[in-house]
Amino acid sequence: MSLFKRKNKKLDNYSLKHGVGLITYDDPSSTISEQFNTIRTNIQFSSVDKKLKSILFTSSAPSEGKSTISNNVAVTWAKQGEKVILVDADLRRPTIHKTFDVSNRIGLSSYLLGNATLEEIIQPTMVKDLYVIASGPIPPNPSELLGSMRIKGLFKALEDKFGLLILDAPPTNAVTDAQILAAQVDGVILVVPQGLAEKAGVAHAKQALDTVHANILGAIMNRVTKAESQGYYGGYYGGYYGVEKK
Ligand SMILES: Nc1ncnc2c1ncn2[C@@H]1O[C@H](COP(=O)(O)OP(=O)(O)OP(=O)(O)O)[C@@H](O)[C@H]1O
Ligand SMILES: [Mg+2]
């Protein structure tokens, strides 16, 4: 069975309106929550020499599950006792304010524009040790904002204040936002939905991330069916694959 398929994709806007499902919060003892624990452990072990201070989740195309995975991984990490800051760096299709039911009046965009302080944009969530920064109002020029000098200082300040910074980033292929951000974090995880992602698209995303010398830690296969995962993982998250370093 091929891992990649060509399909007429219709953009799924459900999470834009309602946020993503937080199974790790709603049902922490479920099989899927266990799989998120495994993903977290694998990410931790993918960098044994250096403790990861910042990680970014992206995928080749929109609506492939970046927010679902990054947000649930953030919950499992915080539950382990790490103080986590989850940032909605998708200034085009933000969802974190919906998922965690926090205000989006101010957020990342407001800080980058100089309209809000760091203290003002950090919001607590219902999960102990998990804090979020919403996208803030959608700006007309996301790439420019994300490329501004202020963002470097912001990430540094957040890494000092928190044990782990997690970025929910935009897709890599359509715009340069993810590349800009990927160059500034310790590690990048590529989300690859089996049966939805196009092989050329995934290869292109990997190449774009390599161009900016992003440290790709691995890929997460989601939407894997039982038959396709040979019954090993079951459920709907597939494996976590390390990427061979050149
Ligand atoms: N493993 C999965 N199986 C089935 N549906 C899923 C899975 N993960 C996410 N979805 C659904 O796919 C849609 C998109 O998910 P999500 O918002 O996490 O993707 P995204 O990559 O962050 O999208 P965007 O590009 O808009 O930011 C949502 O409606 C979500 O419920
Ligand atoms: Mg998203």
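The values are calculated or read from the model by the stated rules, or taken from the named source; none is laboratory data. Keep in mind that this is a model prediction, so the values were computed, not measured. Virtual Cβ from ideal backbone geometry, glycine too; neighbours counted across all protein chains shown.
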Residue among 83, 51 that alone is farther than 25 Å from residue 145 by Cα and at pLDDT below 95: 51
Whether any residue in the range 189-203 is within 19 Å of residue 50 (Cα to Cα) and not polar (S, T, N, Q) is what I want to check. yes
Scanning the range 108-124 for residues that are over 17 Å from the mean Cα position of the chain (by Cα) and in contact (Cβ under 8 Å) with a residue 24 or more places away in the chain gives 109, 110, 111, 112, 113, 114, 118, 122
Looking at the range 46-54, is at least one residue of a type outside the set (Val, Ile, Thr) and either more than 21 Å from residue 218 (Cβ to Cβ) or free of Cβ contacts under 8 Å to residues at least 60 places away in the same chain (or both)? yes
Report, by residue number, each residue of the range 57-100 that is in contact with a His (Cβ under 8 Å, 6 or more places away or on another chain) and either within 12 Å of ligand 2 (Cβ to nearest atom) or within 13 Å of residue 166 (Cβ to Cβ) (or both). 88, 98
Quick one: which helices (runs of 4 or more DSSP H) sit completely within the range 1-107 and have at least 2 residues that are more than 24 Å from residue 133 (Cβ to Cβ) and away from ligand 1 (no atom under 13 Å from the Cβ)? 31-45
Can you name every residue in the range 167-184 that is among the aliphatic types (A, V, I, L, M) and surrounded by fewer than 23 Cβ atoms within 10 Å (Cβ to Cβ)? 174, 175, 180, 183
Of the numbered conditions (1) in contact with a Ser or Thr (Cβ under 8 Å, 6 or more places away or on another chain); (2) assigned to a helix (DSSP H, G or I); (3) within 13 Å of ligand 1 (Cβ to nearest atom), residue 111 satisfies every one except a single condition; which is it? (3)
Of all residues in the range 66-93, which are more than 19 Å from residue 154 (Cα to Cα), more than 9 Å from the chain's Cα centre (by Cα) and of a type outside the set (A, V, I, L, M)? 72, 76, 77, 79, 80, 81, 82, 92, 93
